[in-house]
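Novice: Just passing along the structure, written as structure tokens.
The values are calculated or read from the model by the stated rules, or taken from the named source; none is laboratory data. Treat the numbers as computed from the prediction; the structure is a model and nothing was measured. When we count neighbours, we look across all protein chains shown, and the Cβ atoms used for this are built from the backbone with ideal geometry, even at glycine.
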Amino acid sequence: MDRCVVLVDAGYLLGAAASLLAGEPARSRITVDHTTLIQGLRERAEDDTQRPLLRIYWFDGAPDRVPQPEHRRLRVMPRVTVRLGALTRADGRWAQKGVDAAMHAELTELARNRACSDIVLVTGDGDLLPGLMSAKEHGVAVHLWAVQAADGDYNQSEDLVAEADERRVLDRTWITRAVRARELTGPCAPAPTAEPEIAAILSAPLPESGSAGERVGAPATAAERREPVRNGVRPAPVPAAAAAGERGEAAGTRTVPTPKDLAVLGKGPAAGAAVPAPPALGHPNATLRWSSDRGLVDRGSGGGSGEPPEIAALPTLAQLTSAEQRWADREEDITTVGGDPFEVGQVFARRWTERITDSVHLQHLSTEYPRIPHRIDGELLRYAARFGLLAHKDDQIDERDRYAIRAGFWREIDARTAAEHAPAGD
């Protein structure tokens, strides 16, 4: 039949793209817009073969053949079929098992059944040579596509290249429409430029002085809590720092404390300590906890969670979600949500705010900025893990991604709260 089929070895395509754009074949070094990538493959195949597309087969490996978030998104796209082999780890490296055999079987079956007139192969593995030759013998034209090699040399089997009917190269310009290199993180990486929303969280002040009954970390005034967003940036609460200046207190640069800073604060001043303990904090026996940049918390001040009752009582998204909504959420996650950390935080917050029945809950949550209550924060990070943010980081979300997730959460909460408080005529 006069149709074309595309068989994609995802390990080759994305590994070669990572080598080209990031200098190493680790797929963790790139981010992929799968919708754009699939659309690009379809358009390129129909243009090269002059045939309408029948289907794109996406071959990839997965641990225990369990679909990963990207596979779940891909397999619901029109004209896309996902075939998974096993992904095993040996000697510290991941290796695919069964992917080549599955591609070989599909290639020969399509040709034998005359399901198409042209087959596009995106692979470099010479193990597919017998399947390619078999397809040719059944009258199918085989187009072999390569990803531009980082060193300008071949990144495909020369036997495979020699046997193909047509050859094309997906160059850097084509690849970068859907794939980009991730920014380096870690001690050897240059310091990244913080997005405005993340910068706002990082610049939030430490708790100011107050009475013993005050909850540490709460904003001082309503104006501080609801400082408007300007140009997409929620500024750090300034009034408390200004008040400190009026009282004659030092108003130096304050940032969200790290766990190490909190340990210093809990122990009191120490010789050579980088972060001196403010006298007002005075919690030498406090049990320090760290969740969602919550600051120094006395476990006894709010029951078992270290939170005030009204905050500990905030409902989780799971408690607010019906079975029908859960199904719709899953459908949206695999068809619409791209998996960008900031976007993930926004989606979670949108669902939470749409489903709460008492606006007081939203008001209580807003007073917690920049921290997210413990239960909701844990649920948010578990939700983010569905989008593969844990896949290459030893089951931990990168610190910068965590800030982006939470920044997206607060950006959406701020927008929803501002909408509730807008005058009726606006």
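Novice: Can you pull out every residue in region 168-191 that is at pLDDT 85 or above and surrounded by 15 or more Cβ atoms within 10 Å (Cβ to Cβ)?
Specialist: Selection gives R168, L170, W174, I175, A178, V179, R180, A181.
Novice: Quick check on region 326-342: of everything there that is part of a helix (DSSP H, G or I) and of a type in the set (D, E, K, R), which residue is nearest to the chain's Cα centre (by Cα)?
Specialist: Going through the qualifying residues, I end up with D333.
Novice: Mind listing whichever residues of region 43-67 are crowded, with 19+ Cβ neighbours inside 10 Å and within 22 Å of the chain's Cα centre (by Cα)?
Specialist: W58, D60, G61
Novice: Being out of contact with any Pro (no Cβ under 7 Å at 6 or more places or on another chain), in a helix (DSSP H, G or I) and more than 27 Å from D333 (Cα to Cα) narrows it down to one of A45, A95, A115, so name that one.
Specialist: When all the criteria are applied, what remains is A45.
Novice: Specify which of the listed residues (E208, E163, E137, E197) is touching a helix residue (DSSP H, G or I) at 6+ places or on another chain (Cβ under 6 Å) and at pLDDT 90 or above.
Specialist: Within the list E208, E163, E137, E197, the selection yields E163.
Novice: Quick check on region 26-42: of everything there that is modelled with pLDDT under 95 and among the small types (G, A, S), which residue is surrounded by the most Cβ atoms within 10 Å (Cβ to Cβ)?
Specialist: A26
Novice: Okay, next question. Can you tell me which residues in region 293-325 are assigned to a loop (DSSP other than H, G, I, E, B) and modelled with pLDDT under 70?
Specialist: D293, R294, G295, L296, V297, D298, R299, G300, S305, G306
Novice: All but one of (1) part of a helix (DSSP H, G or I); (2) over 22 Å from the mean Cα position of the chain (by Cα); (3) not small (G, A, S) hold for P78, so report the exception by its number.
Specialist: Result: P78 fails condition (1) only.
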